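Notes follow once the structure below has been shown.
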Amino acid sequence: MGDEKKNGLTVLVCGGGNAAQVATAMFAARYNTYAISLYADEAAKWKTHMQGSRWHDKVNGMELTLDTGRTVVSTPTDVTNDPSLAGKADVIVLAVPSFAHGQYFEAFYPYIKPGTIVACMPARSGGDILFASKMKEKADSLAFVGFETLPWACRFTEWGKRATILGTKGQILAAVTPESQSTRAIAVLQGLLGVFPEVVKSPNNLGISLRNPGQVIHPGVMYGRWCAEKWDGKPLAEKPLFYQGVDDFTEGVLLGLSGEVQDVCRKVEALVPGLSLKDACTLHQWYLDSYKGQMADDSTLKLSMNTNSAYVGLTHPMIPADGGLMPDLKYRYLAEDVPTGLCFTRGLAELLEVPTPTMDKVITFAQEALGKTFLAGGKMAGPDVSSTRAPQAVGIHSKEDFFKMAKIA
């Protein structure tokens with residue numbers, strides 16, 4: 001009994017959207033929790049909203065309705081835009097879009113203390129490489145945790161005041177860099193999240209990066225429907241189905257992308273003895289693992305998407321134009337999943353000298369739609385590559401330097 005004590009923990013949650021508000025309310029119920037948003041005046045607005053009563057009561061703070069039906073009311077220690085709070089944090093949780101990760105890492109760099117656990121939910125591709133490049137000499141004293149996805153399906157019901165967890169995943173994969181910090185980091189994060197989801201340790205962050213299904217699904221389906229070979233450029237009368245609309249041509253694109261990701265995996269494993277990228281499975285296998293029991297026919301990739309009950313009625317992002325509907329080719333499916341997903345894998349493939357004809361077609365299509373140039377002359381050397389997760393964006397130009405930065409060799 002003599003070893004009992006008050007165990008303090010300070011958590012810093014980054015962001016102001018659905019997941020950030022849920023995480024803040026959940027963690028603040030038990031721990032010293034701060035929320036930070038670097039977006040415009042979002043932090044000030046959130047803080048003001050919390051101090052006003054909700055529509056059904058007169059209690060300050062955040063109300064969180066769990067998927068068990070229970071309700072928690074809590075108040076974070078502060079909501080701010082001051083990055084120096086990183087110096088107080090034992091755990092930093094980023095629940096912001098992946099394109100904003102670098103901004104937060106840069107802001108925290110002067111203040112972050114040794115031993116801090118930094119978790120990205122989700123990390124997307126190359127999160128550990130970006131983190132190491134921004135944290136410089138401090139990186140070795142920190143624990144970076146890359147989650148494959150968010151722990152919950154959630155939304156705020158009254159911005160800044162009330163949030164709801166609609167469902168919690170049973171398991172989620174997470175990898176820790178350096179691996180020696182895995183036991184401590186995963187134990188702390190499991191404690192924050194609770195019993196569910198179970199945080200399952202993945203061998204390395206490279207496996208999380210290459211597993212990223214968004215880098216294949218979203219750009220692949222967009223290319224398959226809107227490339228010049230399939231679309232005449234004219235407006236449509238109705239929004240086409242996104243997943244259920246996958247045809248043989250689009251399936252071929254997706255299989256091509258997934259196959260090239262697997263080629264990268266096998267090349268890395270051949271060059272780094274003992275390294276396992278088992279979690280970076282094929283896209284079809286990802287569907288079998290993630291949506292078991294929700295697909296009427298899972299015999300092929302196309303049918304796994306067409307018959308998935310979770311996808312019923314979901315359409316392509318469209319905008320009104322010329323009396324009809326045109327595809328929104330600047331939607332996050334291209335604007336985020338290409339630079340923070342596919343460009344990472346394409347850049348690594350280049351370092352490994354792995355051919356990527358399908359990736360090249362999709363990236364070329366996406367960069368033309370976005371008005372960017374990531375890929376130039378067959379190399380990840382375009383003027384906009386610095387805005388991507390490609391290894392080349394942080395000055396990595398050899399496989400040896402990549403392995404060193406990723407701490408896998």
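The values are calculated or read from the model by the stated rules, or taken from the named source; none is laboratory data. Just so we're clear, the structure is a prediction, and the values are computed from it rather than from any experiment. Every residue, glycine as well, gets a Cβ built from its backbone with ideal geometry; the counts of neighbours run over all protein chains shown. All accessible areas refer to the heavy atoms of the entire protein, side chains included, with ligands and DNA or RNA removed. Shrake-Rupley method; radii C 1.70, N 1.55, O 1.52, S 1.80 Å.
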Could you work out how far helix 248-271 tilts from the main Cα principal axis of the chain, as a 0 to 90 degree angle to the nearest 10?
70 degrees
For segment 176-257, compute Rg over Rh where Rg is the Cα radius of gyration and Rh is the Kirkwood radius from the inverse mean 1/r over Cα pairs.
1.22
Bridge orientation stat for the chain from DSSP, antiparallel percent rounded to 5, came to 45 percent
Of the cross-linked pairs Lys113/Lys138; Lys47/Lys161; Lys134/Lys379, which ones have a Cα-Cα span greater than 19 Å in the structure shown?
Lys134/Lys379
Leaving out ligands and nucleic acids, and using a 1.4 Å probe, what accessible area per residue does the chain come to in Å²?
43 Å²
Under the 7 Å Cα-to-Cβ spin-label approximation, Val200 and Ala270 lie apart by a distance in nanometres of 2.8 nm
Under 18 Å from the Cα of Lys234 - aspartates and glutamates, other chains or at least 8 residues apart
Asp322, Asp328, Glu368
Write down the Å³ per residue value for the convex hull defined by the alpha carbon atoms of the chain.
169 Å³
Once you keep just the Cα pairs under 8 angstrom separated by 6 or more residues, what percentage relative contact order results for the chain?
13 percent
Multiply the residue gap between Ala296 and Ser398 by 0.36 nm, knock off their C-alpha separation, and tell me the result in nm, one decimal place.
32.2 nm
Rounded to the nearest Å, what's the spacing between the alpha carbon centres of segment 148-226 and segment 113-131? Just the number, please.
12 Å
Does anyone have the angle between helix 214-226 and the longest principal axis of the chain? Alpha-carbon axes, 0 to 90°, nearest 10?
40 degrees
Run the reach check for Lys302 against aspartates and glutamates, Cα to Cα strictly under 15 Å, same-chain hits fewer than 8 apart removed. What comes back?
Asp247, Asp248, Glu251
